[in-house]
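Asker: Structure below; questions to follow.
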Amino acid sequence: MSGTGKSTLIAELAARGHRAVDLDCDEFSEWVGVEPGHDSAPGSSVLPDRDWIWREDRVRDLLARDEGEALFVSGCAANMTVFLPRFDDVVLLHAPADVIVERLAGRTGGEYGARSAEVSRVRELIESVEPLLRRIATHELDTSGCLEDVVAAVLKLASEDRRPEL
């Protein structure tokens, strides 16, 4: 969800030397036109006439690169379910709606969520889409606290032994 701290978290992981990519950028995502009233998975369109989707070829290429270390990706898009089988974990970042709205109000430079209509839409999506995201998440983290705690929790998840028990 917009304003939960995805970009902040991924930037902090990258700053600490981890392989971390924000998929909510023009390199990996794009706006596409949709018919009014169109419902897209996992929830309704971000805007009535367009939706944000991952560029599947570019995301596929990114995920195919084995660089011997964990890859952290962040983002939320209508077509992300295509990639779910490729992820070891799907972490839902969430925060109370008031915290999210406060974060969105602080955005500048035309970032999504800075306009009042977008804030209203984000509030609607928190109610309608967040429960759907919760169903596909393997973990859930509250991002209303300090960034250090969220980073530590994500790194702990990544460090857990993934080998099957014998």
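Asker: Within the range 7-22, does at least one residue satisfy the condition of being closer than 16 Å to Leu133 by Cα, outside any loop (DSSP other than H, G, I, E, B), modelled with pLDDT of 80 or more and of a type in the set (Val, Ile, Thr)?
Answerer: Within the range 7-22 (the criterion being closer than 16 Å to Leu133 by Cα, outside any loop (DSSP other than H, G, I, E, B), modelled with pLDDT of 80 or more and of a type in the set (Val, Ile, Thr)), the answer is no, since none of the residues qualifies.
Asker: Continuing with this model, one more query. Tell me, please, whether a residue that is in a helix (DSSP H, G or I), at pLDDT 90 or above, among the basic types (Lys, Arg) and under 15 Å from the mean Cα position of the chain (by Cα) can be found in the range 126-134.
Answerer: yes
Asker: While we're here: Do you know which residues across the range 8-28 are within 17 Å of Arg107 (Cβ to Cβ) and in contact (Cβ under 8 Å) with a residue 40 or more places away in the chain?
Answerer: Thr8, Leu9, Ile10, Asp22, Asp24
Asker: Would you check which residues across the range 70-88 are surrounded by fewer than 14 Cβ atoms within 10 Å (Cβ to Cβ) and in a loop (DSSP other than H, G, I, E, B) and list them?
Answerer: Asp88
Asker: Quick check on the range 42-57: of everything there that is modelled with pLDDT under 90 and more than 14 Å from the chain's Cα centre (by Cα), which residue is farthest from Thr143 (Cα to Cα)?
Answerer: Ranking the candidates gives Asp49 first.
Asker: Go through (1) without any contact (Cβ under 8 Å) to a residue 24 or more places away in the chain; (2) closer than 23 Å to Ala14 by Cβ one by one and return the number of the condition Thr138 breaks.
Answerer: The one condition Thr138 does not meet is (1).
Asker: Which numbered condition trips up Ser29, out of (1) modelled with pLDDT of 90 or more; (2) over 16 Å from the mean Cα position of the chain (by Cα); (3) over 24 Å from Ser144 (Cα atoms)?
Answerer: Every condition holds for Ser29 apart from (2).
Asker: Ala105 - would you say it is over 24 Å from Val34 (Cβ atoms), touching a residue at least 24 places away in the same chain (Cβ under 8 Å) and aliphatic (A, V, I, L, M)?
Answerer: no
Asker: To continue, here is another question. Name the pairs: first residue in the range 53-69 and surrounded by 10 or more Cβ atoms within 10 Å (Cβ to Cβ), second residue part of a helix (DSSP H, G or I), Cβ to Cβ under 7 Å, at least 6 apart or on different chains?
Answerer: Within 7 Å, the pairs are Trp54/Met80; Glu56/Val82; Val59/Phe83; Leu63/Phe83; Leu63/Arg86.
Asker: Give the range 64-89 a look and list any residue that's over 12 Å from the mean Cα position of the chain (by Cα) and within 19 Å of Glu12 (Cα to Cα), or say none.
Answerer: Glu69, Ala70, Leu71, Asp89, listed by residue number.
Asker: Quickly run through the range 82-99 and pick out the residues that are farther than 14 Å from Thr138 by Cβ and out of contact with any strand residue (DSSP E or B) (no Cβ under 9 Å at 6 or more places or on another chain).
Answerer: Ala97, Asp98, Val99
Asker: Hey, another quick one. Go over the candidates Asp98, Asp149 one by one and state the one that is part of a helix (DSSP H, G or I), charged (D, E, K, R), at pLDDT 95 or above and surrounded by fewer than 19 Cβ atoms within 10 Å (Cβ to Cβ). Spell out how you get there, then give the answer.
Answerer: Details: Asp98 fails: at pLDDT 95 or above.
One residue alone meets the criteria, Asp149.
Asker: Return only the number of the condition from (1) assigned to a helix (DSSP H, G or I); (2) touching a residue at least 24 places away in the same chain (Cβ under 8 Å); (3) within 19 Å of Leu9 (Cβ to Cβ) that Leu92 does not satisfy.
Answerer: Leu92 satisfies all of (1) assigned to a helix (DSSP H, G or I); (2) touching a residue at least 24 places away in the same chain (Cβ under 8 Å); (3) within 19 Å of Leu9 (Cβ to Cβ) except (1).
The values are calculated or read from the model by the stated rules, or taken from the named source; none is laboratory data. Since we're looking at a predicted model, the values are computed, not measured. Glycine gets a Cβ as well: all are built from the backbone with ideal geometry, and neighbour counts include every protein chain shown.
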